[in-house]
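Inspection log for the structure reproduced underneath, given as structure tokens.
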Amino acid sequence: MDNLLAMNLERAHALHAYQGTRHYLLQYRGFAGTGKAQMVVDLKYQSPETKEFTIRSSTGSKLIIGSVFKKLLQAEQEALGAEAQKRTALNRDNYDFTLVGYDRPPSGSLYVLSVKPRTTDRFLYRGRIWVDAKDFAVTRLDAEPAKNPSFWTKNSKIEVAYTKVSDFWLPERNHSVTAIRFGGRAELTIQYENYQITSADPVCNPPTLKSNL
């Protein structure tokens, strides 16, 4: 955990700006019928608290586009504030961590950690993370929110995969399945692509970092 927290800070300080494209897809089936929507969004990030979203296209249910996709962008903006970042950072103030195993896929060794939130903040989660044993970065997350984001949802399962872009690990795919309180199911997929790091400092591993794998 010392290695993971140190490298998270190192990468956060080194990454000044990047841009990319996202593809949002949501499909709903339930008591209110069925619905589907897609949206393509261009993103420009500037450290420390600026994300500029440009909606390139949107098709399908206007209700989903307005009540889900645009709300997700709004929540992401809110999470950029200094106080929000402090409340939701992956650290010992916000989470309890337990090492539960190791994984050795062809891409390299991984630590598997159980994470349990210390509070019920809606931006926190409980579940498992996979940590690259060389870079000490989260490469995968399987979790559920610490708090239901809406009265209308009973539970959500979230899977996030990360990809390495230059020296940084950024989201590659986010997939979530949510059960609706009065019956129904919503499935959301976000694909991230076309990353470009536009401003960054070199990332240096602190000399104390080491892996036991």
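The values are calculated or read from the model by the stated rules, or taken from the named source; none is laboratory data. The model shown is predicted, which means the values in this text are computed figures rather than measured ones. With ideal geometry, Cβ positions are generated from the backbone for all residues, glycine too; neighbour counts draw on all protein chains shown.
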### Message
Residues that are surrounded by fewer than 19 Cβ atoms within 10 Å (Cβ to Cβ) and modelled with pLDDT of 95 or more: does the stretch 145-153 have at least one?
### Response
no
### Query
Taking the stretch 93-121 as the search range and keeping residues that are under 18 Å from the mean Cα position of the chain (by Cα) and loosely packed, with under 15 Cβ neighbours inside 10 Å, which one is farthest from Met1 (Cα to Cα)?
Thr120
### Of the criteria (1) in contact with a Pro (Cβ under 9 Å, 6 or more places away or on another chain); (2) not in a helix (DSSP H, G or I), which one Gln38 fails
(1)
### Task
Determine whether the stretch 68-81 contains at least one residue that is in a strand (DSSP E or B) and either at pLDDT 90 or above or polar (S, T, N, Q) (or both).
no
### Message
Can you tell me which condition Ser58 does not meet? The list is (1) of a type outside the set (A, V, I, L, M, F, W, C); (2) within 29 Å of Gly127 (Cα to Cα); (3) surrounded by 13 or more Cβ atoms within 10 Å (Cβ to Cβ), and all the others hold.
### Response
(2)
### Task
Could you please find all residues in the stretch 174-186 being under 17 Å from the mean Cα position of the chain (by Cα) and exposed (fewer than 15 other Cβ atoms within 10 Å of the Cβ)?
Val177
### Task
Hey, can you tell me all the residues within the stretch 90-109 that are in contact (Cβ under 8 Å) with a residue 60 or more places away in the chain and not basic (Lys, Arg)?
Leu90, Asn91, Phe97, Tyr102, Ser109
### Query
When Leu5 is evaluated against the numbered criteria (1) in a helix (DSSP H, G or I); (2) out of contact with any Lys or Arg (no Cβ under 9 Å at 6 or more places or on another chain), which criterion, by number, is the only one it fails?
(2)
### Query
Considering the stretch 29-44 alone, what residues qualify as being of a type outside the set (Lys, Arg) and touching an Asp or Glu at 6+ places or on another chain (Cβ under 8 Å)?
Leu43
#### Entry: Qualifying positions in the stretch 188-213 - at pLDDT 95 or above and surrounded by fewer than 16 Cβ atoms within 10 Å (Cβ to Cβ)
Gln191, Glu193, Asn194, Gln196, Thr198, Ser199, Asp201
